[in-house]
1. For a quick check: sort W161, W98 by the number of other beta carbons within 10 angstrom, fewest at the front.
2. What spacing in nm lies between the two simple spin-label points modelled at K28 and R127, each 7 Å away from Cα in the Cβ direction?
3. Take F164, F174, F208 and order them by how many other Cβ atoms sit within 10 Å, fewest up front.
4. Arranged by the count of other C-beta atoms within 10 angstrom, fewest first, what order do C8, C191 take?
5. Suppose a student asked you for the relative contact order of the chain, using Cα pairs under 8 Å spaced at least 6 residues apart; what percent would you report?
6. Working out 0.36 nm times the residue gap between A96 and M1, then minus their Cα-Cα distance, what length gain in nm do you get to one decimal?
7. Over what distance in Å are the Cα centres of segment 107-127 and segment 147-182 separated?
8. Segment 94-223: D in µm²/s via Stokes-Einstein (Kirkwood Rh, Cα pairs, 25 °C, 0.890 mPa s)?
Amino acid sequence: MEMPAPLCFLYTWTLSPLSKTGSPPPLKSPAGILVGLFLIHYFHRAILQPLYSPRRSPSHIIVPIIAFVYQTVNGSLLGCYFSSREVATDAWDQPAFWAWVGLFFAGMVGNIYHDNLLISLRRNTHRAAKAKGEKPHYGIPRGGLFALISYPNYFCEWLEWVGFAMASTVGSPFPPSYVTPPWVFLLSEVCVMLPRAVSGHGWYKQKFEDYPKERKAVIPFLL
Ligand SMILES: NC(=O)c1ccc[n+]([C@@H]2O[C@H](COP(=O)([O-])OP(=O)(O)OC[C@H]3O[C@@H](n4cnc5c(N)ncnc54)[C@H](OP(=O)(O)O)[C@@H]3O)[C@@H](O)[C@H]2O)c1
C-alpha cells in the first residue's frame, strides 16, 4: 500500500523535471540527505514492517485505493521538489539543519517503538483470546508515551515529518515558504490521522472502564 510513495519519489527525482541542469542535486547535499531520510522511512514502512507485522484486520476496499492514490501523488510531488536544486541549498553548515534531521530520527525511533508495542499487544490479545475460544479483541496499550497519549505512534510520526519539513526550510530565502510539498505532506498526514486518533481515543475510553483518565489522545498534556 505504501510502495508507490518511494517508487514515484525515485522516478520523479531521477527525471528531475524542475532541475535547471536536468539532473538532481548530488546525494552529498542537504537535498540529498532529505531524499535519504524519505527513502529510509519508506524502506522500513513499506518493506521491513510488513515482514514482521501480523496481518491487519480487514478494512473497506476504499482505504487501500485512497492510500494508493495519495502515496502516488505525494511521492511524485516530493521527488520533483527535491530534484529542483532549490531546496535547503545553504543548509549544510547550519546546525539547525542537523538538529531537524535529528528530530526526524528521534520521531522515527519513537514511531517504530510504539508500533512494536501495539504489534506485541495484538499478538498477546489474539493468543489469549484464541486459548479461551473467544473472538480476538483489543487491549489497553502500555509503555513509553502510552502513559501520556493513546496514539504515540502517530505523534512520533508527526515529529518525523516536522523535522523533515523544517530541515527542508533551513537556508531558504527569507521569508521561508511554508507552502511547499514537505509542509503539504505534513499537513495532510495530520488531517488524516488526527480525526482517527481522536475517535480511537474516545473508543478506548468508552470500551475500557479502567482506561487511564489522564491519558490524552495524541498530543501530550494538550489533546
Ligand atoms: N492510519 C493512518 O491514517 C496513517 C497514516 C500515515 C501513517 N500511519 C502510520 O502507520 C502506522 C500504523 O498505523 P495504523 O493507524 O495503520 O494502525 P494502528 O491502529 O496503529 O494499528 C497497528 C497495529 O496494532 C494493532 N493494534 C492497534 N491498537 C491495538 C490495541 N489496542 N490492541 C491490540 N492491537 C492493536 C492493529 O491491529 P488491527 O489490524 O487488528 O487493528 C495493527 O496490527 C503508524 O506508524 C502510523 O503512524 C498511519
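Computed from the coordinates by the stated procedures, all read-outs in this text should not be read as laboratory data. Small disclaimer: the values here were computed from a predicted structure and weren't measured. Here the Cβ positions follow ideal geometry from the backbone for every residue, glycine too, while neighbour counts run over all protein chains shown.
1. W98, W161
2. Rounded to a tenth, the inter-label distance reads 4.8 nm.
3. The fewest-first ordering by Cβ neighbours comes to F174, F208, F164.
4. C191, C8
5. 24
6. Working: separation 95, 0.36 × 95 = 34.20 nm, distance 3.35 nm.
Length difference between fully extended and current span is 30.9 nm.
7. One Cα centre to the other: 23 Å.
8. 150
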